[in-house]
1. Restricting to the range B:1-23, give me the number of residues that are crowded, with 19+ Cβ neighbours inside 10 Å, assigned to a helix (DSSP H, G or I) and touching a residue at least 24 places away in the same chain (Cβ under 8 Å).
2. Just give me the residues in the range A:239-257 being touching a residue at least 24 places away in the same chain (Cβ under 8 Å) and loosely packed, with under 15 Cβ neighbours inside 10 Å, in sequence order.
3. In the range B:142-161, which residue that is outside any helix (DSSP H, G or I) and more than 8 Å from chain A (Cβ to nearest Cβ) is surrounded by the fewest Cβ atoms within 10 Å (Cβ to Cβ)?
4. In the range A:176-213, what residues are assigned to a strand (DSSP E or B) and surrounded by fewer than 16 Cβ atoms within 10 Å (Cβ to Cβ)?
5. Filter the range B:167-198 for residues that are of a type in the set (D, E, K, R) and under 23 Å from B:Asp130 (Cα atoms); which is farthest from the other protein chains (Cβ to nearest Cβ)?
6. So B:Asp41 ticks every box in (1) away from chain A (no Cβ under 14 Å); (2) among the acidic types (Asp, Glu); (3) part of a helix (DSSP H, G or I) but one. Which box is left unticked?
7. B:Ser164 versus (1) within 25 Å of B:Lys239 (Cα to Cα); (2) within 13 Å of another protein chain (Cβ to nearest Cβ); (3) outside any loop (DSSP other than H, G, I, E, B): which is the lone unmet condition?
8. Only one of these is polar (S, T, N, Q), under 30 Å from B:Ser233 (Cα atoms), modelled with pLDDT of 95 or more and more than 22 Å from the chain's Cα centre (by Cα): B:Ser104, B:Ser74, B:Ser99, B:Ser90. Name it.
2 protein chains.
Amino acid sequence: MKRTERVGAMIEILTQSPNKVYSLQYFCDLFGAAKSSISEDIRACNAALEFTGGGRLETGTGAKGGVRFVPHISDEKLAQLQEEFCRKLSDPGRMLGGSFLYTSDIFFDPEFIKKIAAVFARKFKDCGADYVATVETKGIPLAANVAQLMNLPLVIIRREAKVSEGSTVSINYFSGSYDRIQRMSMSKRAIRPDSNVLVIDDFMRGGGSISGITEIIGEFNGHVVGVGVAIASTEPVKKKIENYTSVVFLGDIDEENKKITVTPNFDIF
Amino acid sequence: MKRTERVGAMIEILTQSPNKVYSLQYFCDLFGAAKSSISEDIRACNAALEFTGGGRLETGTGAKGGVRFVPHISDEKLAQLQEEFCRKLSDPGRMLGGSFLYTSDIFFDPEFIKKIAAVFARKFKDCGADYVATVETKGIPLAANVAQLMNLPLVIIRREAKVSEGSTVSINYFSGSYDRIQRMSMSKRAIRPDSNVLVIDDFMRGGGSISGITEIIGEFNGHVVGVGVAIASTEPVKKKIENYTSVVFLGDIDEENKKITVTPNFDIF
């Protein structure tokens, strides 16, 4: 097999399973090649990936030695993404009245969501999370993408306990957006006790829902080690949670003049 | 830039956006290379991808000329995947009583779900779908992966109409699994009229939920052009829908002897 084809094959295998560690021996066996050749191939892979900016291969040493693909989004691509996000979100056709915006088309667009997920995968790559959690429904595809990029299991917290979830833990919390008490419920089988959890959601206004997630994870002796929301509302300024990272900020929704103010978060990293 | 690195970069770009068409000119500009070199690179990419079995690059001709990555799963990998699926699903620890099984860990495992999605992407690659639809909640990560592999927007049908969905169309249907009338609701903005829709879900027993999806899509003058479910129950034999493809069949759940019967669907393709 030619080096060109080996490098292509390695890139396909490694980038399709981000953050999954493959031993060098795996590739030696797969290609029938010596370790020195594989090491050389990894350098070529990294040159290719540096060019596309999509991430890099990291090699570990010792017993845990191996190679994995760590996804990345460059500052330049982040700025383009934020600009695209602001443009999409500020389209007055999204207004539903009562400060609600239709955003399902954005959050159910696989290519766009994958790019947003890459921002969170970069931001939280060293947060030590064991799980990525979200509350149903709209943020699920985004959270699933983040979980995929970080090679972590996904946890979906339900609005209502379901038979198919087995025993569950439920909490009530106050949602400012809906101005009422809401409920969320999580299967007892969903996470191991004492786990670290990265919380991902599509939108945050007052933070009631995210603080509910924090509370329910606390019921499992779990720890929230990061919060990423695609859109955070600028109002209310005082949120129920302190630390979070948003990709953009949603400001005033002026229904009379059909103007929606959206600004990038320049302070993600 | 060396050919090795160009081929690596092309594979990364193309496989990260399956079924997205890139013009040859795009790569000529990106690499500062002649079309003949790029054509040669595409051949090398295909040799690499043939080796991994993950898919192939297809090139179009004429005005629509360009190259795209079409994902694939080999018969051999499918058989391995089905075996793994049967083994996971037949673990008696999943029994929740009343013929319910806990399956969230399976459907929220990003790497596993991506492999199941590849089966449906292969099965339905020529079905002409404009959208991939599912009903919340457990099948969403799977459907999102299928949508990503097919480069189609995702539609999530909700159990309850939400303010953030705008105007919705709702239907009632009978769910055999829950032995009661259930409701589903879809935003009027979710699909264009007269669209073709591929329906993906995690589990089907009697087909009530899928036939509900078919009905609600009919309200938009849409057409269901394919149905893929990860698990289909062998009972009842007579389903409310006729054409569907499952990856495995779930047979008897013998709670007394702690035995769950699961068999591969040998007839997917």
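The values are calculated or read from the model by the stated rules, or taken from the named source; none is laboratory data. What you are looking at is a predicted structure, and each value in this text was computed from that prediction instead of being measured. Ideal geometry is used to build each Cβ from the backbone, glycine not excepted, and the neighbour counts take in all protein chains shown.
1. 6
2. First pass over the range A:239-257, keeping only residues touching a residue at least 24 places away in the same chain (Cβ under 8 Å): A:239-241, A:244-248, A:250, A:253, A:255.
Scanning the range A:239-257 gives a single hit, A:Glu255.
3. B:Glu160
4. Within the range A:176-213, the subset assigned to a strand (DSSP E or B) is A:180-187, A:196-204.
Scanning the range A:176-213 gives A:Arg180, A:Ile181, A:Arg183.
5. The qualifying residue farthest from the other protein chains (Cβ to nearest Cβ) is B:Asp194.
6. All conditions are met except number (1).
7. Among (1) within 25 Å of B:Lys239 (Cα to Cα); (2) within 13 Å of another protein chain (Cβ to nearest Cβ); (3) outside any loop (DSSP other than H, G, I, E, B), B:Ser164 violates only (1).
8. Just one listed residue meets the conditions, B:Ser90.
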